[in-house]
Amino acid sequence: MNIIGISAFFHDSAASYVQDGEIVAAAEEERFTRKKHDASFPEEALKYCVTHLPKGEKVDLVVFYEKPFLKFDRLLETYLGFAPRGLRSFLHSFPLWTKEKVFLKQIIKRKLKKKWGYCPRLIFSEHHLSHAASCFYPSPFEKAAVLCLDGVGEWETTTLWLGENEDLQKLKSINFPHSLGLLYSTITAYLGFLPNNDEYKVMGLAPYGRARFSEVIKEELIDIKEDGSFRLNLEYFDFCTGLKMYNHKLPKLFKRPVRQKDEPLEPFHADIAASLQVVTEEVILKLVRFIADKTGQRNLCMAGGVALNCVANGKILKETPIEKIWIQPAAGDSGGALGAAFVGHFNAQMPKPKRVIGPHDSQKGSLLGPEFGPKKIEKVIEASLDLEDHVMDFSEWRNLCEKVAELLDEGLVGGLFQGRMEFGPRALGCRSIIADARREDGQNHINKKIKFREDFRPFAPIVLREDLKRYFNVEHESPYMLLVGQVAESIKTPLNPSDEGRKGFDQLGVVRSKIPAVTHVDGSARIQTVHPNHHPALYELLRAFKKRTGEGVLVNTSFNVKGEPIVCTPEDAIRCFYTTGLDFLVLDKKLIIKKRREE
């Protein structure tokens, strides 16, 4: 049975294709349109997914990831409950809903019929069911506790489930307006970042601060119970009735005005971020302990935007009874498209059982997007190449890896474009920027000269699975870059006397380990482990670098610049290569080395 899942019309639109319970393809719309967090109907992602249909076959079922009428019910009830407050917001959003979103079924059917010439059966999942399905069904577990946390779906903001074989049983839920995701987004907005977009920046900012406002947040903004349930104090928030996340009381609470996006970050902002992170972790850890106790499970699956908080995820394995964790790589709304397809599969007559492949998941490394053959790449290079640059063609990937290892060892930074594009917000080695983790100025150089982004932003290490314990105090595999752990004591370096006592952003550039480019100011790192079965090409590259240098770890960050989606096509990669400070570019088995230019 050929099933297409769709998420759209809020943010991170995506499409997925599941055939007889097996994931075949999935991609976010933003990668094709080049509009970051594109919320439009996923025309291009759908077009890509159906290219994988067996010849002569059609789509049997399309599943949308949530129920628009339930969401409309929540909006209408919220406006009525807060009337006459919120009239402006009501007048702003109501026409859009009555004109378009309430009639989503008809709109989707028209689009599909126009695109394919026919319209398959169309059904609607529920938002949090789609999240739960997206993480449990591809996981390596036959039975697991499931935790989903995000901003809001139709009504639910937090759900706890028990997954067993083909069944998902909901155990508990927390409803709007009480939402950990909306609390995080509100503080994101207060700090001058974009909500539903920049929450990861707040997480990266947190280690530079002190959590001196955590008690204020718990006393005034959120009431947390021992079982992890919580309620927000709505006196400080405006997302129910206004066009902003917060109201005038929030700046008064922290005794500082809202930061404007062009204003510099100060230690105060880092302290707020650190405090928010501590509170977020407390809620998540209490919820995990509760569901572990209630279900007796030591396996945990997670999805929803909050599940991308990799700092909290790392602490789950250290501070709760959970022994094994699997987090959907596309944990946000894009992953809802994949979950929706699974909901359709397991609601079909006589579905194939849940796929459990030994100790591994069935997500296929999340390498589910498009790939491009040598003819396409050759054509793009011929049309785009700066003739002063040097192109090398390799017949064997192993030989190319040896050359790239040499360039990295010289301190050069390169773009890596090979194989299928990743599904989810993390670049996992197919659309990546790579560098030597030993480079002391690595973080500053890549942020300023290549990514053009804030200098406090950290970078992740990719490490050979067998070398994980050598570099990090972590036991658990992290193939999707969703766990943070501490750098091993054996590779930490003592601080210079002049660096001791530094605080806040003065800590930038301080060397803390033998791999300083990926060691955050608190001694942590967001780790991606590389296994030969998950990602053989990236594994071979790391092996080549280790053979040359003795070190099985590199910097890995997404192949894009600030404000743009990760590159999708060879054209995207070439464009990013020539508009940044990248030194070389791998396109499949071709290597372009940029001629050194004057700074």
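The values are calculated or read from the model by the stated rules, or taken from the named source; none is laboratory data. No experiment lies behind these values; they were computed from the predicted model shown. Note that we place each Cβ from the backbone using ideal geometry, even for glycine, and neighbour counts take in every protein chain shown.
For this structure, a couple of remarks:
- Qualifying position, being farther than 23 Å from GLY314 by Cβ, surrounded by fewer than 16 Cβ atoms within 10 Å (Cβ to Cβ) and not assigned by TED's automatic domain parsing to the domain that holds ALA307, among SER490, SER498: SER498
- At least 3 residues being more than 30 Å from ARG210 (Cβ to Cβ) and touching a Phe, Trp or Tyr at 6+ places or on another chain (Cβ under 7 Å) is the threshold, and among the strands (runs of 3 or more DSSP E) wholly inside segment 493-599 those reaching it are 584-587, 590-593.
- Filter result for LEU61 (out of contact with any Gly (no Cβ under 6 Å at 6 or more places or on another chain) and either at pLDDT 95 or above or more than 26 Å from ASP361 (Cα to Cα) (or both)): no
- Condition broken by GLY192, with the remaining ones in (1) among the small types (Gly, Ala, Ser); (2) in contact with a strand residue (DSSP E or B) (Cβ under 9 Å, 6 or more places away or on another chain); (3) surrounded by fewer than 21 Cβ atoms within 10 Å (Cβ to Cβ) satisfied: (2)
- Of the residues making up segment 327-377, those that are assigned to a loop (DSSP other than H, G, I, E, B), aliphatic (A, V, I, L, M) and farther than 27 Å from THR529 by Cα are ALA348, MET350.
- Subset of segment 386-402 [within 16 Å of LEU587 (Cβ to Cβ) and either hydrophobic (A, V, I, L, M, F, W, C) or in a loop (DSSP other than H, G, I, E, B) (or both)]: ASP386, ASP389, VAL391, MET392, PHE394, SER395, GLU396, TRP397, LEU400, CYS401
- Members of segment 512-538 that are at pLDDT below 90 and out of contact with any His (no Cβ under 8 Å at 6 or more places or on another chain): none
- Taking the numbered list (1) touching a residue at least 60 places away in the same chain (Cβ under 8 Å); (2) of a type outside the set (A, V, I, L, M, F, W, C); (3) in contact with a Pro (Cβ under 8 Å, 6 or more places away or on another chain) in turn, ARG420 passes all entries but (1).
- Which numbered condition ASP361 misses (of (1) without any contact (Cβ under 8 Å) to a residue 60 or more places away in the chain; (2) closer than 17 Å to PRO479 by Cβ; (3) of a type outside the set (Phe, Trp, Tyr)): (1)
- Qualifying residue in segment 350-359 (condition: modelled with pLDDT of 90 or more and out of contact with any helix residue (DSSP H, G or I) (no Cβ under 7 Å at 6 or more places or on another chain)): no
- Within segment 27-63, the set of residues being over 27 Å from SER558 (Cβ atoms) and either in the same structural domain as MET421 (by TED's automatic domain parsing) or assigned to a loop (DSSP other than H, G, I, E, B) (or both) comprises LEU53, PRO54, LYS55, GLY56, GLU57, LYS58, VAL59, ASP60.
- Some residue of segment 395-409 being assigned by TED's automatic domain parsing to the domain that holds ILE491 and on the phi > 0 side of the Ramachandran plot: no
- When LEU194 is tested against (1) in contact with a Phe, Trp or Tyr (Cβ under 6 Å, 6 or more places away or on another chain); (2) closer than 29 Å to GLU564 by Cα, exactly one condition is not met: (1).
- Filtering ALA405, ALA383, ALA435 for residues that are loosely packed, with under 14 Cβ neighbours inside 10 Å and not in a loop (DSSP other than H, G, I, E, B) leaves a single hit, ALA383.
- Note on segment 478-505: residues that are of a type outside the set (A, V, I, L, M) and in contact with a His (Cβ under 7 Å, 6 or more places away or on another chain) total 1.
- Within segment 101-124, if we keep just the residues that are in a loop (DSSP other than H, G, I, E, B) and free of Cβ contacts under 8 Å to residues at least 60 places away in the same chain, the residue that is farthest from the chain's Cα centre (by Cα) turns out to be GLY117.
- In the set GLU28, GLU22, GLU57, GLU43, only one residue is among the charged types (D, E, K, R), surrounded by fewer than 19 Cβ atoms within 10 Å (Cβ to Cβ) and within 17 Å of GLN328 (Cβ to Cβ); that residue is GLU22.
- Looking only at segment 512-536, residues that are closer than 24 Å to GLN363 by Cβ and surrounded by fewer than 19 Cβ atoms within 10 Å (Cβ to Cβ) come to 4 in all.
- Close pairs from segment 472-500: first under 21 Å from GLY204 (Cα atoms), partner surrounded by 22 or more Cβ atoms within 10 Å (Cβ to Cβ) and of a type in the set (D, E, K, R), Cβ under 7 Å, at least 6 apart: TYR480/ARG426; MET481/ARG426; MET481/ARG526; VAL484/ARG526
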